[in-house]
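Have a look at the structure below, then the notes.
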Amino acid sequence: MKRFAKRVTVAAGCLALTGATLLAGAGGAGASEGTAAASAHAAIPGKPAKVRDVPTELAVPAGNVRTSVLDARGVQTYTCTDGAWTLLEPAATLWKQGDPTRRAVALHSRGPVWVSTDDGSAVNAAAVANVPRDGAIPQLLLKATTHRGTGLFADVSYIQRLETRGGLAPAGACATDAGQVSVGYSATYVFYAPEA
């Protein structure tokens, strides 16, 4: 079990490092605060992607349109601080919902930040609302705070973290020498941009 936990922690570190590397590369491409051309995104055409009921608390303000729906799998890494498990960072790989190959199109890591593996664009965001979910990390509504590069994430305004599974911190107190633990999770991330 310890060997498996170590492997998961190493994998999480690799994801976070890859995301940081991509982010550093994206920064040189001309950082902007949502000034990317609106033509980089359009509302998702045709029938809406499969996203189950969204809690009203996580509704995106009017004037924003859905641009992409990405499924994610990864880990939430916790560290022992003052006898309690606290979130250190997420590390996840995202792919287009419905893609049977699950080809990675983005990485999610500490910030929180999402970085496109295709074009290097990135968005940081901060949670503005949350809804608890039994046996899982909460569902969230996040508002974009900064952008880098042009492409997939260049003009993202809001992000919903939905349909979460797993990822909860271990129950109870922890010893100061407990170190870190990574807990597997999955979620669906829905990205929005201002309506053109």
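Work out, in µm²/s and without decimals, the Stokes-Einstein translational diffusion coefficient of the range 37-189 at 20 °C, 1.002 mPa s, Rh from Kirkwood over C-alpha pairs.
For the chosen part, D equals 131 µm²/s.
Send over a whole-number figure in Å² for the accessible area per residue of the range 76-196, probe 1.4 Å.
Dividing the accessible area of the range 76-196 by its residue count gives 42 Å².
Distance between the C-alpha centers of the range 127-185 and the range 63-98? Whole Å please.
The range 127-185 and the range 63-98 have Cα centres spaced 4 Å from each other.
Note down the accessible area of S157, probe 1.4 Å, to the nearest 10 Å².
Ignoring ligands and nucleic acids, S157 comes out at about 20 Å².
The values are calculated or read from the model by the stated rules, or taken from the named source; none is laboratory data. Keep in mind that what you see is a predicted model, and the values were worked out from it rather than measured. Heads up: the accessible areas ignore ligands, DNA and RNA and are worked out on the full protein's heavy atoms, side chains in. Shrake-Rupley method; radii C 1.70, N 1.55, O 1.52, S 1.80 Å.
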